1. Out of these labelled values of Kirkwood radius over Cα pairs in Å, (1) 21.3; (2) 22.1; (3) 23.2, which was calculated from the coordinates shown here?
2. Which one, A221, T290, C302, is farthest towards the positive end of the dipole of the chain when Lys and Arg carry +1 and Asp and Glu -1 on their Cβ?
3. Suppose all protein chains stay in the model; what accessible area per residue would a 1.4 Å probe give for the chain, in Å²?
4. Strictly over 32 Å apart at the Cα level, which of K184/K276; K36/K143; K127/K278 would you flag in this model?
5. What does the extension gain come out to for R306 and S51, with contour length at 0.36 nm per residue minus their alpha carbon separation?
6. Helix 324-333: angle to the longest alpha-carbon principal axis of the chain, degrees 0 to 90, nearest 10?
7. Rounding to the nearest 20 debye, state how big the charge dipole of the chain is about its Cα centre with +1 on each Lys and Arg Cβ and -1 on each Asp and Glu Cβ.
8. Report, in debye and to the nearest 20, how large the dipole of the stretch 197-319 comes out about its Cα centre when Lys and Arg carry +1 and Asp and Glu carry -1 on their Cβ.
Amino acid sequence: MKRIITLVFWVVVALAMTSSKPHPASGTGNPASMLKDRKQAKTIASLRDVSDGHLYEMTYKADYMLQDFIDADLRSQDMLRMAIQEKLLAVPQDIRMESPKPACAAFQAVTPEGDVIYCRNFDYIFKDSGTIVLHSRPRKAYKSLSLVSSSFVGVDGKCLRDGETDLSVLMGVPYMQMDGMNEKGFAVSVLELSHRCAIQKEPGKHDIMTSVMIRMLLDRAATVDEALEMLGDYNYWADGEQKGVRVQSSYHFLLSDATGKTCVLEYILEDGPRGKGKWVMNVIEDKAVTNSYLSKGWEKTCGVDRRLPSICKALDSCGGVLSEEEAMAVLDSVHQTRDRKNISGTVWSVVYNLSKGTATVCVNHDYSKKFRFKI
């Protein structure tokens, strides 16, 4: 009997020691010691290096508690950081979040076979972006594939595989995606506007910030119409504050679905760019967008962008019909080059096939290497 008790004691001790060890990330060997459960550990374990440190793939297997994030009325990056620490990590971990200021370009086209494709450049200033293709499979919501930079949670590409950096903060990446597509063929991306932050304050509505909005749409909207109807129930906040400093920029969005319906969504002041009235949601029927407003009377607010006429000319010349290879070539033609310090311009280019649920990705300014993924 004593032997049995002794054996049970050492088994319990061994299990306790095992559970306290950092969870290794498959393919990188990094620890993740601040996770809450096994599903989070499986999420980190799914991380794999696809392209020599320039592109990774990960499947989110845990609960990222979307409804809790929506109900929290998050309005800023600081509030989002605190929510990630409190809701998704067992032990608070310092998250050095960057405030997203995506430049970018996006457009929708149709292939010769009739597939709807959604094409996007994500432009940003990173020294070393850890681009992750994120697969999300939430319960009672749509599966999706989105692109996110780990740098937005303070972990650059090199740190993802250095064997030392704790990757627990990757639990927050579902709220960092800049573009994505779900299993129903709905797609969305965000693009920066150099104008003061849109802030809606209608009573009786929950507040929602940019990245939480994108996650909600990918999880719950099957079509553009559903997305627009859903957003009417929320006050939009354009990440208006970080570390107490007001961020002087706003954003607009390109929405598209597998039927081919596409629009640009902008939040504008009802009495014009210099107005003091309330912010309202404005929908523009267009298939291409960069970093200038398309709303009437707002076109010159952010200056002249030469990329948009270039994209429109390419689409007009072929009647909006492009193969996926031709669409990637258009993205290449307007991509942003590195600066003198070798800091990235276009972090990734992606062509989502909304009809087939696939995504073709190029990273690191290399359009000769194309990586293909499926939801």
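1. Label of the calculated value: (1).
2. A221
3. Details: 16830 Å² over 375 residues.
I get 45 Å² per residue for the chain.
4. On the way: K184/K276 39 Å; K36/K143 23 Å; K127/K278 38 Å.
In this structure, K184/K276; K127/K278 exceed 32 Å between Cα atoms.
5. Working: separation 255, 0.36 × 255 = 91.80 nm, distance 3.14 nm.
Taking R306 through S51 to full extension adds about 88.7 nm, to one decimal.
6. The angle comes out near 80 degrees.
7. On the way: 48 positive and 47 negative charges, 223 e Å.
So the dipole magnitude of the chain works out to roughly 1080 debye.
8. Details: 16 positive and 18 negative charges, 108 e Å.
I would put it at about 520 debye.
The values are calculated or read from the model by the stated rules, or taken from the named source; none is laboratory data. Keep in mind the model is a prediction, meaning the values are calculated, not measured. Please note: Cβ atoms are built from the backbone with ideal geometry, for glycine as well, and neighbour counts cover all protein chains shown. Accessible surface is based on the protein model in full, side chains and every heavy atom, while ligands, DNA and RNA are left aside. Shrake-Rupley method; radii C 1.70, N 1.55, O 1.52, S 1.80 Å.
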